[in-house]
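Read through the structure below, which is laid out as structure tokens, and then see the notes.
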Amino acid sequence: MAFLPPAPATAAMGDLPKRLGWTFLLLCCYRIGVHVPVPGVDAAALVSFFESMAGTLFSLFDMFSGGGLSNVSVFALGVMPYISSSIIMQLLQVVSPDIKRMAKEEGQSGRRKITQYTRYLTVLITVVQGLGIAIGLESMTSPAGTPVVPVPGWSFRLVTMATFSTGSVLVMWLGEQITERGIGNGISLIIFCGIVVGIPRAIIQSFSLIEAGDMSIFMAIIILVLMAAVTLCIVFVESAQRRIPISYAKRQMGRQMMGGQNTHLPLRLNTAGVIPPIFASSLLLFPATVGQFSTNEYVKRVADAFSPSGVAYNIIYVALIFFFCYFYTAIIFDPKDMAENLKKNGAFIPGIRPGERTQKYIDDVLSRLTLSGAVYISIVSLLPMFLISNFNVPFYFGGTSLLILVGVAMDFMNQVQSHMINSQYSGLLSKKGRKGFARR
């Protein structure tokens with residue numbers, strides 16, 4: 001037993017290669033589904049129609065669906081119905097005591113029930129959106145006058161509803177599988193993938209604008225510098241922390257004194273991450289999309305007022321960002337629970353009494369951090385909107401897309417590093433165990 005074979009190199013990496021493989025495979029399946037069209041749609045007329053709608057709300061919606069909307073594919077709705085249902089369920093946790101009890105007191109079984117309700121609600125939302133989009137597609141025509149749907153009617157509407165519902169459920173399942181079997185948050189990675197694949201097309205579009213004279217080379221350089229500066233700002237803020245000092249009281253354990261250590265409680269400056277802009281965009285896209293597809297003149301005027309370059313859209317967008325920053329932070333962090341856990345473990349904040357004073361102190365710090373994070377997200381999201389409306393910059397270079405790209409990429413790399421560190425510790429422990437066994 002003294003000559004045990006050395007551990008293979010793959011064992012030192014743990015299950016990281018397998019998880020990366022699952023993530024890549026499932027994202028490839030998603031990208032394949034984006035290019036599977038819904039039956040009964042004239043592809044050429046659809047392309048002409050969407051080219052005439054470039055720079056409007058459709059471009060933003062198409063970005064979140066990874067190009068699925070412009071293709072009217074089975075994944076046209078993307079992850080937006082799932083995000084909308086998640087928002088509704090999280091809001092219900094505040095309103096409904098039963099759902100709140102499920103989330104906090106029933107543990108894993110309660111969370112499974114909430115996930116199940118979220119799935120049912122996703123299907124309901126996709127059915128409603130599918131019907132609205134099907135009716136809207138029937139009223140669309142290309143600039144040349146060719147109808148997008150050659151044979152309209154209830155047969156087309158039912159097929160479209162069933163296809164969109166099935167596609168949204170499959171996207172939801174793919175996201176859950178990526179989270180469980182792969183690395184990172186599956187829904188965020190699907191949105192990330194949809195934005196990344198559209199960047200080459202946006203670059204080509206930018207070169208076309210320069211060649212046509214709609215954008216000068218000097219302005220293109222300024223935009224590149226601004227994008228780099230915004231990216232650096234996002235990386236800096238996403239990594240920034242407010243460290244609250246924590247001290248542990250000394251305890252007598254037999255003949256030894258335990259405790260007396262000093263540590264800190266790290267609180268991120270942007271606690272909510274990329275969730276607020278995604279949730280805000282999701283809520284604004286649904287009514288605005290219905291308005292764009294509608295043939296009613298009054299509804300169309302309301303939809304035009306909610307264009308991304310409009311004042312009403314941006315005001316409501318900022319208000320929703322602030323709301324979801326505070327709402328999501330309140331769900332993630334409970335100052336009362338933090339204060340109680342610190343008190344139970346014999347820890348305290350220097351200069352602050354344990355209990356209610358500690359709770360109030362943590363609450364005040366979180367409120368200030370959330371306000372700063374909301375202002376930061378709003379500035380990053382609105383600054384490129386000015387460039388989009390005035391200099392025809394593609395949506396893929398907007399602040400929301402940059403925030404999602406950088407935030408999801410940083411979270412993904414952090415999870416990869418944590419898997420590698422865990423694998424290294426596991427490898428060290430297994431080597432010690434083999435050495436001890438060999439000595440015996």
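Bear in mind that the values in this text are calculations on the coordinates, not laboratory data. Fair warning: this is a prediction, and the values are worked out from it, not measured in the lab. As a convention, Cβ positions derive from the backbone with ideal geometry for all residues, glycine included, and neighbour counts pool all protein chains shown.
Kirkwood radius and radius of gyration were both taken over the C-alpha atoms of the stretch 141-218, and their ratio Rg/Rh is 1.18. Going from the residue with the fewest nearby Cβ atoms within 10 Å to the one with the most, Tyr313, Tyr376 rank Tyr313, Tyr376. Modelled this way, with points 7 Å down the Cα-to-C-beta line, the labels at Phe236 and Arg181 are 4.2 nm from one another. Residues His264, His419, ranked from the fewest to the most other C-beta atoms within 10 Å, line up as His264, His419.
When the chain is fully extended, how far beyond the present Cα-Cα distance does Ala228 get from Val95, taking 0.36 nm per residue of separation? Don't jump to the answer; show the numbers that get you there.
Numbers: separation 133, 0.36 × 133 = 47.88 nm, distance 4.20 nm.
Value of the extension gain: 43.7 nm.
By the Cα gyration tensor, the stretch 70-208 has an equivalent ellipsoid whose semi-axes, rounded to whole angstrom, run 33, 21, 12 from largest to smallest.
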